[in-house]
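Here the structure comes first, spelled out in structure tokens, and everything after it is commentary.
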Amino acid sequence: MDQAADSYSTSTPPLFLLGSLALAVSLLVLLGHGRGKTRLPPGPPALLFLAKFAALRRSIFDLGPMIVDLHARHGPVISIHLFRTLIFVADRKVAHRALVQGGATFAERPPAVDPTRLFTSGGRDISSSPYGTYWRLLRRNLVTEALSPARVAHFADARRSACDGLVSSLLKEQERQGQEEAVTLRPLLRRAMFELLVFMCFGARLDREALDEVEELLHQALLSFTSFPVFAFFPAVTKRLFRRRWAGYLALRRRQEKVLVPLIHAERAGDDPPCYADSLLAVRMADDVRLTDSEMVSLCSEFINGGTDTTVTLLEWIMAELVNRPDVQAKVYEEVRANPELSDLQGMPYLKAVVMEGLRLHPPGHFLLPHGVQHSGDGDVEIGGYTVPKGAEVNFLVAKIGRDETVWTAAREFRPERFLEGAEGHGVDITGSREIKMMPFGAGRRMCPGYSLGMHHAEYFVARMVRDLEWRPPVEGEAVDMVEKLDFTTVIKHPLRARLFART
């Protein structure tokens, strides 16, 4: 990749310029959004918050602790002001009224800003496209052609092969390190999951060099989503001020398309199951219009990244809990040992309880993707008794809702038994249709369409890793450090390391 592309991830806006931008935007906000005219949710003074945000020079999703603190001060619904009004909801009942009972009111997406707009082909992937005909077409295609149980079943051999390779790689690394040293799980797990999703997307098994390049290209695009959104502030100006960064994004996108377009259009082997790219090539819109190559690149990137990072993050958290809780690990092992071929995951209630508890306590995303609002006529839209102004973003605190002490006993403890028959979590609705007690995949019309695949992969990989390997802490008697850190998802700050022993 050229020098411009390398520079975009390391260059940061000079602090005085960020401060100037924040000041200008705050003045516009203060002039245009007086709290006296409408009953906006409470929140901090715009100028003060913008100054803190500019000093951090990161994404709004880095502000989790600050937002939790604001909720403690102001209540379950708060608002802050940046380039638009941002509303955060921490109450499960308010979330259910908005996302499920509210129908399409909160099913919109805010207009994408760069670089998100660049890497989603102008907001044309499923996650960021506006609520409407195009979005419904793409989502229906994804669910029926790639995520249906019949389609997922076609890839059973690929899942088995991915886990075979993962277990083999872990044991080889343990042998190389020596039995007294620990092995780091994340890179090997991520490669196994990534390779599986690439095969499901393109129907191709790439060599190591090609996989490395595709993985790096998609990861760099993800990192751009969590960088400081400098191009949301006066983009015509900021793209000139930070032209090297913008040139780097453009170069990265060009390289993405150059690498992925041939994979999308490649001829597939006749005996391989139908892949996601094939379904995209067959999509037809009004007047028989096909998807563009750029749109398909964005959709394939979304499919691979969405299925890789969230699942790997969840799996690492679960395996860390199993290292810390050998009694739980032993119960999983006894259950999967009785069905060594793993042909009936539905018949493994304790395994499923472990995955559910991982999703509740350690959701990979502590926030949802932002929701936009559909205003009809002149009527105000409300959430939690407060007015939602036009152009506002609405988000929901997933982790806080799943750790609600009024719903879950010892909510900060890992207790899979809570999801077994007769316990408080048995039969909980993961989709949130009836009520929201946890919402790791969101809820309502914009709920993640890949939730069933994600849960299936999580259950299968946990079963295989526990069936084939015993997991012990790096130092006997010392617990794994469970401190959180935001990457693209909320990961373990210090990647999980464990000593591994092959099961006999």
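At-a-glance table
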{"quantity": "Given Lys172/Lys485; Lys93/Lys331; Lys52/Lys485; Lys258/Lys390; Lys93/Lys493, the pairs whose alpha carbons are separated by over 27 Å", "calculated": "Lys172/Lys485; Lys93/Lys331; Lys258/Lys390; Lys93/Lys493"}
{"quantity": "Crossing angle, helix 243-265 versus the chain [Cα axis fit, 0-90 degrees, rounded to tens]", "calculated": "50 degrees"}
{"quantity": "Percent antiparallel among DSSP beta bridges (both partners in the chain, rounded to 5)", "calculated": "85 percent"}
{"quantity": "0 to 90° range, to nearest 10: angle between helix 293-324 axis and the chain longest Cα axis", "calculated": "60 degrees"}
{"quantity": "Highest to lowest packing among 465-475, 420-430, scored as the average C-beta count within 10 Å", "calculated": "465-475, 420-430"}
{"quantity": "Tail beyond 19 Å, pair distance distribution of the range 263-327 (Cα, percent)", "calculated": "54 percent"}
{"quantity": "Sites matching GluC sites (Glu not before Pro) across the range 151-238 that sit in DSSP coil, with at most 15 neighbouring C-beta atoms within 10 Å", "calculated": "Glu180, Glu181"}
{"quantity": "Alpha-carbon gyration tensor eigenvalues x 5, square-rooted, for the range 139-194, Å", "calculated": "33, 11, 6"}
{"quantity": "Length released on extending from Leu241 to Ser294, taking residue separation times 0.36 nm less the Cα-Cα span", "calculated": "16.4 nm"}
{"quantity": "The range 321-375: GluC sites (Glu not before Pro) in DSSP coil with no more than 11 other Cβ atoms inside 10 Å", "calculated": "Glu341"}
{"quantity": "Fewest-first ranking of Met482, Met455, Met439, Met200, using other Cβ atoms within 10 Å as the exposure measure", "calculated": "Met482, Met455, Met200, Met439"}
{"quantity": "With Cα atoms, 0 to 90° folded angle of helix 46-56 axis to the chain main axis", "calculated": "40 degrees"}
{"quantity": "Percentage of interatomic Cα-Cα distances in the range 368-458 larger than 22 Å", "calculated": "41 percent"}
{"quantity": "Which of Thr504, Thr310 has the fewest Cβ neighbours within 10 Å, and the rest in rising order", "calculated": "Thr504, Thr310"}
{"quantity": "Ranked by how many other beta carbons lie within 10 Å on average, peptides 303-309, 106-112 from highest", "calculated": "303-309, 106-112"}
{"quantity": "Calculated Rg and Dmax of the range 3-502 using C-alpha coordinates, Å", "calculated": "23.0, 69"}
{"quantity": "Contour excess over end-to-end distance, with Cα ends at Gln374 and Ala269 and 0.36 nm allotted per residue", "calculated": "33.3 nm"}
{"quantity": "Cα gyration tensor, the range 146-299 - rounded (a/c under 1.5), prolate or oblate", "calculated": "oblate"}
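Here, each number is a calculation from the coordinates, and none is a lab measurement. Remember, it's a predicted structure, so these values are computed and weren't measured experimentally. Here the Cβ is made from the backbone with ideal geometry for all residues, glycine too, and neighbour counts use every protein chain on show.
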